[in-house]
Ligand code: ADQ
C-alpha cells in the first residue's frame, strides 16, 4: 500500500553549483510529517506535483540523491502552466478565497487551463493508483482532482485538504456557474474534505447547498456514489525542531549578533512571503502610528521586516512590493535619523538558523494578515521561544488565532488598536510573557504536524471504511 500525495510544488529541489548539480528532498514540515507517518504505517510514499525543472534534467539526476520517497513530476506546457497557475489558481481562486473579489481576473481560458491541468495530473495519479492506496490531494490548485480520480477509481480512499480559507457564499457566488459547480463537485470526489477551521467547512457546506442543492447532515454530504465528510484539521509545525533549535550553536551565535547590534532597543519582527493577504502595509502603517502616538519609544525600538519574494510574475504582487517599499521609506525618512533606522527591511529568503535567531531575538512577533488560512509563522515563533520570552501579536483573521489563545489579538485593519497593542506588549512583564508562551507551547507540543497528518489520514481511512459498509450491495 502507498500514500499518493499531490501538491502543486514538489518537495524536491535541483540546484546547480558550478559543474555539480545537487538534488535534495525538502525537509519542510509537511513532507517530513507525511514521510514519518508512511514509515510508521509501513506504507510507501509517492509525491506527485508540477515540475519546475526540465524532464531531461530530472531523468539525468533522479538517481543521484539519497531518496526517501518517490517523486513523480508532471510536466506542463509553459503556456498552460501560466494560465493554470498564475491566472486561474492565483488571480482567481487565491484572491477570491482570501476575500479580495476586486482582484479577481476571471477568463474562460484560465478556467479551461485549470481543468486541463487537473486532468493531466489525474491521469498521472490514476496510472499510479493501486487498490488499497490512499490518495491525499492538497490545496486550491487541484480542486477538480477528487472527482476525476473518483470517476476512474470508484472505491479509492481519497482525502482532500485546503490550505487557504474557504469563502462564504456571497463571495463564492461571483464565479460563473460552471466554475462553481466544477470546483465543488471536484472537492466532493473525496471521502474526507479537510479545512483549517470549522468556519471554512461551514462556508463550503453552505456553497454546496446553495449551488448544488445538496444539504449537509452532521457535516456529511451524501451523494449516490459515496459520502463526503467535512472536518476541521488545523495544520501545525514540527514543534520539537523549532523548540530545540534555540540551543543550536549557529543560532546562538547569530542571536548574539542581532541582540548586540540592537542592545539598547526592543525588536519587533515579522516574516512573510510577499503577498497582499499578509497585511504588510497595514502593519507598517500601524507601526508608524505607534511611533507617532508614543514618541517616547523613538530610537528605543526597531522593526525587522523580512519579506520573501513570491509570485513575482503576477502584477498585483509587484504593485504591493512598490507600495510596501514606499511606506518603509516614508517611515524611515520622516522618523529616522542618522543614529536610528526604524524599519530594517530585507527582501530575500532567510535560512532556518537565521529565522530562528530572528524569532528568538524578537520582543514581539507582529503578524497581521488580512486573511490567512492558518499562518505557520505564528506557531513557529511560539515554538522557538524555549526561553519563554517575547509576545505574539496576531490577527483575528488568521486561522491560527483560533488556537493561539494567549496571543495578543488584533484587527489588522484597525491601526489605532495595533499601535496600542504594540505599546502594551512592549511593556508586558516577563512573568506574563512566560505564562502566555508556556500555555501556547503546551498546546503546540501536543498538536504538532505529525499528529495532524496522522489524524487526517486515519480519518480518511475510517470515513472510507464506514462508507463501504453503508453502500447497498
Ligand atoms: P503561506 O501563505 O506560505 O502558506 P505560512 O503558513 O505563514 O504561509 O507559511 C510560510 C512558511 O514559509 C513558514 O514556514 C515560514 O517560516 C516560511 N517563510 C516565510 N517567510 C520566509 C522567509 N523570508 N525566509 C524563509 N522562510 C520564510 C499557506 C497558507 C497558510 C497556511 C499554510 C499551511 O496561506 O495560511 O498556514 O499554507 O497550510
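The values are calculated or read from the model by the stated rules, or taken from the named source; none is laboratory data. Keep in mind the model is a prediction, meaning the values are calculated, not measured. With ideal geometry, Cβ positions are generated from the backbone for all residues, glycine too; neighbour counts draw on all protein chains shown.
With respect to residue 176, determine if the residue is farther than 30 Å from residue 1 by Cα and buried (at least 19 other Cβ atoms within 10 Å of the Cβ). Criteria not met by residue 176.
Test residue 350 against the stated conditions and say whether it is on the phi < 0 side of the Ramachandran plot, buried (at least 17 other Cβ atoms within 10 Å of the Cβ), assigned to a loop (DSSP other than H, G, I, E, B) and under 22 Å from the mean Cα position of the chain (by Cα). Full working, then the answer.
On the way: on the phi < 0 side of the Ramachandran plot: yes; buried (at least 17 other Cβ atoms within 10 Å of the Cβ): no; assigned to a loop (DSSP other than H, G, I, E, B): yes; under 22 Å from the mean Cα position of the chain (by Cα): yes.
No.
Yes/no per residue for (1) within 30 Å of residue 131 (Cβ to Cβ); (2) within 24 Å of the chain's Cα centre (by Cα); (3) assigned to a helix (DSSP H, G or I):
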{"site": "36", "(1), (2), (3)": "yes, yes, yes"}
{"site": "47", "(1), (2), (3)": "yes, yes, no"}
{"site": "53", "(1), (2), (3)": "no, yes, no"}
{"site": "79", "(1), (2), (3)": "no, no, yes"}
{"site": "88", "(1), (2), (3)": "no, yes, yes"}
{"site": "93", "(1), (2), (3)": "no, yes, yes"}
{"site": "110", "(1), (2), (3)": "no, yes, yes"}
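If the condition is being within 16 Å of the ligand (Cβ to nearest atom) and surrounded by fewer than 15 Cβ atoms within 10 Å (Cβ to Cβ), then segment 27-41 contributes 27, 28.
Annotation note: Cβ proximity below 7 Å between a residue of segment 153-166 that is surrounded by fewer than 24 Cβ atoms within 10 Å (Cβ to Cβ) and a residue that is at pLDDT below 95 and assigned to a loop (DSSP other than H, G, I, E, B) (sequence gap 6+ or interchain) occurs for 154/225. In the set (1) over 25 Å from residue 321 (Cβ atoms); (2) in contact with a helix residue (DSSP H, G or I) (Cβ under 6 Å, 6 or more places away or on another chain), residue 263 fails one condition alone, (2).
Take the residues in segment 301-338 that are within 16 Å of the ligand (Cβ to nearest atom) and in a helix (DSSP H, G or I); name whichever of them is surrounded by the fewest Cβ atoms within 10 Å (Cβ to Cβ). So the residue we want is 325. Candidates are the residues of segment 360-380 that are farther than 24 Å from residue 95 by Cβ and within 9 Å of the ligand (Cβ to nearest atom); the one that is surrounded by the fewest Cβ atoms within 10 Å (Cβ to Cβ) is 380. Looking only at residues in segment 412-438 that are within 18 Å of residue 277 (Cα to Cα) and more than 20 Å from the chain's Cα centre (by Cα), the one that is surrounded by the most Cβ atoms within 10 Å (Cβ to Cβ) is 418. Within segment 249-281, the set of residues being within 16 Å of the ligand (Cβ to nearest atom) and out of contact with any strand residue (DSSP E or B) (no Cβ under 8 Å at 6 or more places or on another chain) comprises 250, 251, 254, 275, 276. Applying the criterion of at least 1 residues that are under 29 Å from residue 136 (Cβ atoms) and in contact (Cβ under 8 Å) with a residue 60 or more places away in the chain to the strands (runs of 3 or more DSSP E) found wholly in segment 358-473 leaves 364-367, 391-395. Tallying residues that are in a loop (DSSP other than H, G, I, E, B) and in contact with a strand residue (DSSP E or B) (Cβ under 8 Å, 6 or more places away or on another chain) within segment 112-131 yields 2. Has segment 207-229 got at least one residue that is closer than 30 Å to residue 370 by Cβ, surrounded by 17 or more Cβ atoms within 10 Å (Cβ to Cβ), touching a residue at least 24 places away in the same chain (Cβ under 8 Å) and within 16 Å of the ligand (Cβ to nearest atom)? No.
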